[in-house]
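The values are calculated or read from the model by the stated rules, or taken from the named source; none is laboratory data. What you see is a predicted model; the values in this text were computed from it and never measured. A quick note on method: Cβ atoms are made from the backbone with ideal geometry, for glycine too, and the neighbour counts reach across all protein chains shown.
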Amino acid sequence: MARNLDPKCRQCRREGEKLFLKGEKCFTDKCAVDRRSYAPGQHGQKSGQRLSGYGQQLREKQKIRRIYGVLERQFRRVYAEAERRRGRTGENLLQLLESRLDTAAFRMGFGASRSEARQLVRHNGVLVNGRRVNIPSYSLRPGDVVALTQGARAQIRVKAALEAATSRGFPEWLDVNVEEGKAVFKALPQREELPSTINESLVVELYSR
């Protein structure tokens, strides 16, 4: 399976903001973005650089890809599906990305980061409506019940991730039962419930060129 092997902190620095790819480290003073708030590489500290319209669109697409951990071909497929659906393409795009099983498992607190949640799914640690599903890109529907297996619930890192997520709170579109290690995907998230730092309209403009 193809995956992005670039160091996660380097990806955050390239986008100039926290993408929360390293779990709890992102909430500490060890965060690379807080310590070095400039792009990585030899010319990272150059100032005064202005991106063109195309450059801004491309950077936004790369940022969203990195946040959700999808490769270019996967992202194009998701965008094509978002375009086919009724409603606003940008909002559809984010809803499709948020309904991925690995992202939902992360939002439910089953993993400290999306990559950790994806690994949990890959290793058969998650059930959807009582059945094992080990496909991270599996698309959830409203009403689906996602639960940890007995073995996954006993893992120390899963317990720690659930505890940390509980302290920060869960999204409105999820109904999480921490004690039982399961959650209901109640509905597709509305745009106002998703991060305001994402500008999906730039991605729509990019693919409309």
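The rows are residues; the columns are (1) of a type outside the set (S, T, N, Q); (2) under 28 Å from A147 (Cβ atoms); (3) at pLDDT 95 or above.
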site	(1), (2), (3)
E72	yes, no, no
V78	yes, yes, yes
E81	yes, yes, yes
L94	yes, yes, yes
S115	no, yes, no
R118	yes, yes, no
H123	yes, yes, yes
L127	yes, yes, yes
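Being of a type in the set (S, T, Y), under 22 Å from Y79 (Cβ atoms) and surrounded by fewer than 18 Cβ atoms within 10 Å (Cβ to Cβ) is true for just one of S167, S201, S99. Which residue is that?
Just one listed residue meets the conditions, S201.
List the number of the failed condition for I156; all other conditions in (1) among the aliphatic types (A, V, I, L, M); (2) loosely packed, with under 12 Cβ neighbours inside 10 Å; (3) within 18 Å of F185 (Cβ to Cβ) hold.
(3)
Taking the range 107-144 as the search range and keeping residues that are over 18 Å from the mean Cα position of the chain (by Cα) and closer than 18 Å to L97 by Cα, which one is surrounded by the most Cβ atoms within 10 Å (Cβ to Cβ)?
The qualifying residue surrounded by the most Cβ atoms within 10 Å (Cβ to Cβ) is V128.
Quickly run through the range 150-202 and pick out the residues that are within 27 Å of I64 (Cα to Cα), touching a Phe, Trp or Tyr at 6+ places or on another chain (Cβ under 9 Å) and small (G, A, S).
Within the range 150-202, A161, A164, A165, A183, A187 qualify.
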